[in-house]
Structures are given as structure tokens and as C-alpha cells.
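The values are calculated or read from the model by the stated rules, or taken from the named source; none is laboratory data. What you are looking at is a predicted structure, and each value in this text was computed from that prediction instead of being measured. Every residue, glycine among them, receives a Cβ derived from its backbone with ideal geometry; neighbour counts consider all protein chains shown. Accessible surface is based on the protein model in full, side chains and every heavy atom, while ligands, DNA and RNA are left aside. Shrake-Rupley method; radii C 1.70, N 1.55, O 1.52, S 1.80 Å.
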Amino acid sequence: MGTQAGAIVEQPREEPHGGVLYVVGTPIGNREDLSPRARRVLEQADVIACEDTRHSTRLLQDLPGHGRLISFHCHNRCQRQPQLLALLTAGHSLALISDAGLPGISDPGEELVAAARRAGHGVVCIPGPTAFVTALVGSGLPCGRFVFEGFLPARPGARRQRLRHMAAEPRTVVFHEAPHRLLALLEDLLELWGDRPLQVARELTKHHEEFVGPTTAMALDHFRGRAPRGECCVVVGGCPEPETLPWDGEALATQLQQLIRRDGLSPSQAARALAQRSGHSRQRLYALLVQQRRGEEQGPGP
């Protein structure tokens with residue numbers, strides 16, 4: 001969003017302040033994306049909490065100086081969080097960074113920010129690059145309304161269950177995915193969601209940045225011939241408005257039973273999934289299931 005006419009552009013302010021948590025966005029690939037404000041805070045903060053101290057040492061090597069690095073990641077967050085809060089209570093300034101992007105998205109920074117606010121400490125977010133927003137805007141898919149799902153479950157059954165639950169989502173959907181699971185995700189998307197508009201964004205802001213699409217089937221074909229590298233963002237078009245098919249109660253009831261018995265869906269999930277495909281309302285399809293079940297319980301007439 002551009003600056004509105006007459007708006008006052010704020011000048012750099014004195015920071016960091018003691019007792020304040022600074023959530024600092026760092027580059028997702030291109031080191032030049034570290035903002036001047038982020039550089040200043042990282043140079044002057046007393047302590048910098050980061051995922052990997054070795055990675056962050058390389059990121060900060062061009063700064064004339066920086067705060068003391070302390071690791072904070074998903075494996076030590078329960079032990080480390082009280083220590084970080086104690087630093088804030090003692091009046092130290094604390095910067096929080098992740099290996100790439102804005103902390104708090106798919107990492108334990110979310111918990112630290114919430115805990116700092118509960119404890120009455122100030123929290124200041126210094127914006128920076130964010131992989132999923134960069135992927136979304138660069139994908140060419142609708143950006144006005146979207147859903148960010150982060151990483152799907154690693155186990156195939158749980159992943160497919162989650163995708164079935166989201167199949168009727170009309171908004172653009174963005175996922176994070178590891179390279180060794182990308183093919184499985186694309187195969188599941190093609191089977192469960194159909195061949196939708198899709199872009200796989202990888203190596204964002206780097207020299208070899210690429211967007212692979214423009215459909216699920218074409219992206220799948222591409223990565224079957226070329227193994228993906230690096231974490232990816234997958235941007236998928238929302239569910240199109242279904243074309244309503246003629247009502248055939250017997251055929252629809254059969255399809256509902258197949259979804260329940262073959263795919264392991266609950267009656268409610270089966271009604272939602274068939275509503276997406278048929279164009280009929282979920283409520284009417286669920287009522288059809290209830291009617292069928294009552295008929296089976298009553299048995300044949302005399």
C-alpha cells in the first residue's frame with residue numbers, strides 16, 4: 001500500500017529500548033533485503049534469540065557488531081522461554097529472529113511474543129521478508145482473500161485427511177512444504193482437489209528463484225523429472241463454484257456411502273466432500289444420509 005497524500009513519513013526513532021522484545025524480519029534468501037532499521041536493532045540489542053546461532057552468525061557477519069546470540073528453537077523453547085522473559089524483566093533489550101523471514105510464522109516465536117505480552121513487556125515488530133506472502137503475490141493467483149496453512153502433517157493419512165477437509169475452500173491456499181514431501185503433496189492435491197491453478201515457489205529472492213506451474217499436473221510432471229531442492233511455498237487456486245448436477249437421491253446416497261466406507265470420512269465430512277463435487281447443499285446431502293440410516297434401522301415393511 002502506497003503512502004497516502006499528506007501522510008507523515010516517520011523518521012528513524014531511538015531503539016532498541018530495554019525491556020522490549022523486537023521481532024525482526026530477516027532475509028529469506030537475498031542478504032540485501034535486511035532493512036536499515038533491522039540492522040540498527042540487531043547491532044544495538046543486548047541479546048538476539050535465534051533458531052541456529054551458526055546460521056545467524058553468518059547472517060550478521062557484515063554488521064560492525066551485534067547483540068549476544070542465544071539459541072531459541074522448537075526443541076528448547078520450554079527451557080529457554082523463561083530465560084528470555086527474565087532478560088526482559090531485568091531491563092535488557094531482546095531481538096528475536098528466525099533463520100529466514102518474519103519470526104512467529106511456523107516457529108516458536110509465536111509463543112514467546114504471547115508470553116511477553118502476558119508478562120507486560122513491550123513487543124515491537126520490525127517487518128521484513130515473508131516467504132508465503134512473497135510466493136502468493138508472485139504467483140499470479142488471487143491475493144485479495146487467501147488462507148495460509150503452513151506445513152501440513154507429515155504422515156500421509158493425516159495430510160490427506162486435512163486436504164479433504166479443505167477441499168471446498170474457495171480462497172487461494174498457501175502451504176509450506178519440505179522438498180522430500182513435495183511430490184507426495186502434489187499427488188494428493190491432484191487426486192483430492194483436481195487439476196487446479198497452482199504455483200510452486202522455491203529459492204525465493206535468490207539467483208535461481210523459480211515459480212513452477214501453472215497447474216497441479218504440470219508442476220507434478222516438472223518435479224518428477226527434476227528433484228526439488230529447498231523449502232517450497234505451494235500456492236493453490238481456491239475451489240471453483242461447482243456446477244449443480246440433477247438430484248438423484250439413490251445415486252447420491254451410494255456416493256456418500258462410498259466416501260464413508262472407502263475413504264473413512266465421517267457422515268458430515270462425506271456430505272461436505274460430495275457437496276463440493278455435485279453442487280448440492282451439504283445440509284441436504286446430510287439429510288439424505290439420515291433418511292437412509294432411518295430406513296435401514298426400520299428394515300423392510302411387512
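Quick check on the stretch 91-104. Is at least one of its residues in contact with a Gly (Cβ under 8 Å, 6 or more places away or on another chain), among the hydroxyl-bearing types (Ser, Thr, Tyr) and either open to solvent by 30 Å² or more (accessible area, probe 1.4 Å) or assigned to a helix (DSSP H, G or I) (or both)? For the stretch 91-104, residues in contact with a Gly (Cβ under 8 Å, 6 or more places away or on another chain), among the hydroxyl-bearing types (Ser, Thr, Tyr) and either open to solvent by 30 Å² or more (accessible area, probe 1.4 Å) or assigned to a helix (DSSP H, G or I) (or both): absent. Only residues that are open to solvent by less than 30 Å² (accessible area, probe 1.4 Å), farther than 19 Å from Leu34 by Cα and within 14 Å of the chain's Cα centre (by Cα) were counted across the stretch 109-130, and they come to 0. Scanning the stretch 45-76 for residues being crowded, with 17+ Cβ neighbours inside 10 Å and assigned to a helix (DSSP H, G or I) gives a total of 2.
Taking the condition at pLDDT below 95, over 30 Å from Phe151 (Cβ atoms), of a type outside the set (Val, Ile, Thr) and open to solvent by less than 20 Å² (accessible area, probe 1.4 Å), does Leu245 pass? Criteria not met by Leu245. Can you spot a residue in the stretch 268-277 that is in contact with a Ser or Thr (Cβ under 7 Å, 6 or more places away or on another chain), open to solvent by less than 40 Å² (accessible area, probe 1.4 Å) and either in contact (Cβ under 8 Å) with a residue 12 or more places away in the chain or outside any helix (DSSP H, G or I) (or both)? Looking through the stretch 268-277, at least one residue is in contact with a Ser or Thr (Cβ under 7 Å, 6 or more places away or on another chain), open to solvent by less than 40 Å² (accessible area, probe 1.4 Å) and either in contact (Cβ under 8 Å) with a residue 12 or more places away in the chain or outside any helix (DSSP H, G or I) (or both). For beta carbons closer than 6 Å, sequence separation of 6+ or different chains, a first residue in the stretch 108-129 that is of a type in the set (D, E, K, R) and a second that is modelled with pLDDT of 95 or more and surrounded by 14 or more Cβ atoms within 10 Å (Cβ to Cβ), the qualifying pairs are Arg117/Val123.
Each residue in the stretch 217-237 was checked for being open to solvent by less than 10 Å² (accessible area, probe 1.4 Å) and outside any strand (DSSP E or B), and 4 of them qualify.
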